[in-house]
Amino acid sequence: MARSAPTAVPTAAADCGLLLLRLTFGLLMAGHGAQKVFGLFGGPGLTATGKGFAALGYHPGRLFAVVGGMSEMLGGLGLAVGLLTPLAGAALIGVMINAMVTVTGGHGLWETNGGVEYSVCIAVVALAVVAIGPGRLAADRPFRWGKGGWKEAAFALGLAGIAAAITLTL
């Protein structure tokens, strides 16, 4: 009996859905970081962002503005292409923990009151992508962490928590 040629596995709707989520979320987060660091897309740029960080108690403000903005930008780009997904997720989660502690935490839940709603959503989406995995249409696909899972999610959340705690104590 002759073997038939292997057939290509069709791209599942879940993979396309994850790609859509990663591209939209990741590129918007990258743009948000680029606003802070480079002043792109009508953003304040590094000087103004640095002053804002200094007003929040981050000293030197400019340095923390670079760290925060680049974490959003590189974390967003990493999620968009599905590259080093656990690290990309950790970068975004860590920034959001800091935002919740220093900016929005005292204002309750809802964004209309300046609350944590938006930051929680960003952190949860980033963590969910890490836990689910970036899907078949991702640069991480050949690597073991490219499949997602509990270990990857715990790594991202733990790293984000440690980085946020260190940042908040400086």
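Right, I97: closer than 14 Å to L157 by Cα, β-branched (V, I, T), open to solvent by less than 40 Å² (accessible area, probe 1.4 Å) and in contact (Cβ under 8 Å) with a residue 12 or more places away in the chain or not? Here the answer is no, as I97 does not meet what is asked. Scan the stretch 50-60 and give yes if some residue there is surrounded by fewer than 15 Cβ atoms within 10 Å (Cβ to Cβ), part of a helix (DSSP H, G or I), more than 10 Å from the chain's Cα centre (by Cα) and not polar (S, T, N, Q), otherwise no. Looking for residues that are surrounded by fewer than 15 Cβ atoms within 10 Å (Cβ to Cβ), part of a helix (DSSP H, G or I), more than 10 Å from the chain's Cα centre (by Cα) and not polar (S, T, N, Q), one finds at least one in the stretch 50-60, hence yes. Number of residues in the stretch 120-135 that are of a type in the set (G, A, S) and within 12 Å of M29 (Cα to Cα) equals 2. Does the stretch 105-119 contain at least one residue that is in contact (Cβ under 8 Å) with a residue 24 or more places away in the chain and either farther than 18 Å from L27 by Cβ or in a helix (DSSP H, G or I) (or both)? No: zero hits. Listed conditions (1) in contact with a helix residue (DSSP H, G or I) (Cβ under 6 Å, 6 or more places away or on another chain); (2) surrounded by fewer than 19 Cβ atoms within 10 Å (Cβ to Cβ) are all met by T169, apart from (1). Taking each residue of the stretch 154-167 that is closer than 14 Å to G68 by Cα and looking for partners that are of a type in the set (S, T, N, Q) with beta-carbon atoms closer than 7 Å, six or more apart or interchain, yields A164/N98; T167/N98. L27 falls short on exactly one of the conditions (1) aliphatic (A, V, I, L, M); (2) at pLDDT 95 or above; (3) open to solvent by less than 70 Å² (accessible area, probe 1.4 Å), and that condition is (3).
Of the residues making up the stretch 155-166, those that are under 15 Å from the mean Cα position of the chain (by Cα) and open to solvent by 40 Å² or more (accessible area, probe 1.4 Å) are F155, L157, L159, A163. Give the stretch 132-152 a look and list any residue that's crowded, with 20+ Cβ neighbours inside 10 Å and in a helix (DSSP H, G or I), or say none. The answer is G146, E152. Evaluate the stretch 78-92: report whether one residue or more is in contact with a His (Cβ under 8 Å, 6 or more places away or on another chain) and either part of a helix (DSSP H, G or I) or crowded, with 18+ Cβ neighbours inside 10 Å (or both). Scanning the stretch 78-92, I find no residue that is in contact with a His (Cβ under 8 Å, 6 or more places away or on another chain) and either part of a helix (DSSP H, G or I) or crowded, with 18+ Cβ neighbours inside 10 Å (or both), so the answer is no.
Examine the stretch 12-19 for a residue that is in contact with a helix residue (DSSP H, G or I) (Cβ under 6 Å, 6 or more places away or on another chain), among the aliphatic types (A, V, I, L, M) and either farther than 23 Å from A126 by Cα or at pLDDT 95 or above (or both), and state whether such a residue exists. No: the stretch 12-19 contains no residue that is in contact with a helix residue (DSSP H, G or I) (Cβ under 6 Å, 6 or more places away or on another chain), among the aliphatic types (A, V, I, L, M) and either farther than 23 Å from A126 by Cα or at pLDDT 95 or above (or both).
Selection of the stretch 141-166 for residues being modelled with pLDDT under 95 and within 17 Å of A91 (Cα to Cα) yields W145, G146, G148.
The values are calculated or read from the model by the stated rules, or taken from the named source; none is laboratory data. Here the structure is a predicted model, which is why all the values come from computation and not from measurement. Methodologically, a virtual Cβ is constructed for each residue, glycine included, from the backbone with ideal geometry; neighbour enumeration extends over all protein chains shown. Side chains included, ligands, DNA and RNA excluded: accessible areas come from the protein's heavy atoms. Shrake-Rupley method; radii C 1.70, N 1.55, O 1.52, S 1.80 Å.
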